[in-house]
1. Leu241: within 28 Å of Ile120 (Cβ to Cβ), free of Cβ contacts under 8 Å to residues at least 60 places away in the same chain and surrounded by 17 or more Cβ atoms within 10 Å (Cβ to Cβ), yes or no?
2. For Phe245, state whether it is outside any helix (DSSP H, G or I), outside the structural domain of Glu149 (by TED's automatic domain parsing), closer than 22 Å to Ser116 by Cα and not small (Gly, Ala, Ser).
3. Being on the phi < 0 side of the Ramachandran plot and touching a Gly at 6+ places or on another chain (Cβ under 6 Å): is that true of Gly218 here?
4. Let me confirm something: among Asn140, Asn102, which residue is in contact (Cβ under 8 Å) with a residue 24 or more places away in the chain and outside any helix (DSSP H, G or I)?
5. What number of residues within segment 150-189 are crowded, with 16+ Cβ neighbours inside 10 Å, out of contact with any Asp or Glu (no Cβ under 7 Å at 6 or more places or on another chain) and in contact (Cβ under 8 Å) with a residue 24 or more places away in the chain?
6. Which of the residues that make up segment 27-43 are within 11 Å of Leu65 (Cα to Cα) and either surrounded by 15 or more Cβ atoms within 10 Å (Cβ to Cβ) or touching an Asp or Glu at 6+ places or on another chain (Cβ under 6 Å) (or both)?
7. State all residues of segment 68-91 that are more than 17 Å from Ile134 (Cβ to Cβ), of a type outside the set (Val, Ile, Thr), touching a strand residue (DSSP E or B) at 6+ places or on another chain (Cβ under 9 Å) and crowded, with 19+ Cβ neighbours inside 10 Å; if no residue qualifies, say none.
Amino acid sequence: MIQTVGVIGAGQMGQGIAQVLACASINVCLVDLAQQALDSALLTTSSSVAKLQEKGKLNSATNPLPFIQTSTDMQLLADCDLVIEAVTEDEMTKRTIFESLNQICRPDAILASNTSSISIGRLAAIVDQPERMIGVHFMNPVPLMPLIEVIEAKQTSTESVAAVQQLAERIEKTAVVVKDRPAFVLNRILLPTINEAIRVVEEGTASAEQVDQIMTLGAGFPMGPLALADMIGLDTCLSILDLMFVELKDSRYLPAPLLREQVVAGRLGKKSGEGFYQYA
């Protein structure tokens, strides 16, 4: 059974993953290059748990902070049973991390990426025991979203898949195992929808607000596609679409020019304070 989990990256996704693990009394080793990011992650965890408990959305009464150990040194991950990489959606950055983990971690430790689009098989080729490599795509916001998209590469062992499925049960998530294909399942379907919504705004058919109103009230979406794009990060949306277009050679995945314009201008969505909407 997985007892200790390493998480690399203390940003929004890494912090959320660490939080749900710690709330299930699982020991977490949270690593980031910046001490400030680690400190911020602990503060966010504390306030997030308090809000969830106040709203009755958290079954556990466990204080997660004693279960989270932080460091700027990746050596902290040496004895982890599972290490989840949750950094920026850039393949070269991830490759560098897994090259390091290949040297630091135990040979029986499972290595996982929280990538939303990058090939698990290519990452598996970096490590000496490729059968331990797996994808664990958590949804944002992690504490609230019940799904983990588990990506099984050709190299991934059935033991690695089973261990991740058992972990998902412990943190009250549903693990759906899919094959290693470009952008997997969720983003293969979601990103073209977001891209088309951006094209509708770009051509002047409707405003962002109107598009989201139509899709929430008319199609039953819990959140409009453009508000969702802002929450995901427009830079992340662009990188996923670029990757899908290169991998699949299909014009459906060619990013809308307006999306690229937003990213170039630094309007990345909620995290930058402005995207298709303004944020305080």
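The values are calculated or read from the model by the stated rules, or taken from the named source; none is laboratory data. The structure presented is a predicted model; accordingly, all values stated were derived computationally and were not measured. Here Cβ is always computed from backbone atoms with ideal geometry, including for glycine, and neighbour counts include all displayed protein chains.
1. Yes: the conditions hold for Leu241.
2. no
3. Answer is no for this residue.
4. Checking each option against the conditions leaves just Asn140.
5. Number satisfying all stated conditions: 10.
6. Asn27, Val28, Ala41, Leu42
7. Within segment 68-91, just Met74 meets the criteria.
Here is a yes/no grid of residues against (1) touching a Phe, Trp or Tyr at 6+ places or on another chain (Cβ under 9 Å); (2) on the phi < 0 side of the Ramachandran plot; (3) modelled with pLDDT under 95:
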position	(1), (2), (3)
Ala24	yes, yes, no
Leu30	no, yes, no
Leu42	no, yes, no
Ser60	no, yes, yes
Gln75	no, yes, no
Asp90	no, yes, yes
Thr93	no, yes, no
Leu101	no, yes, no
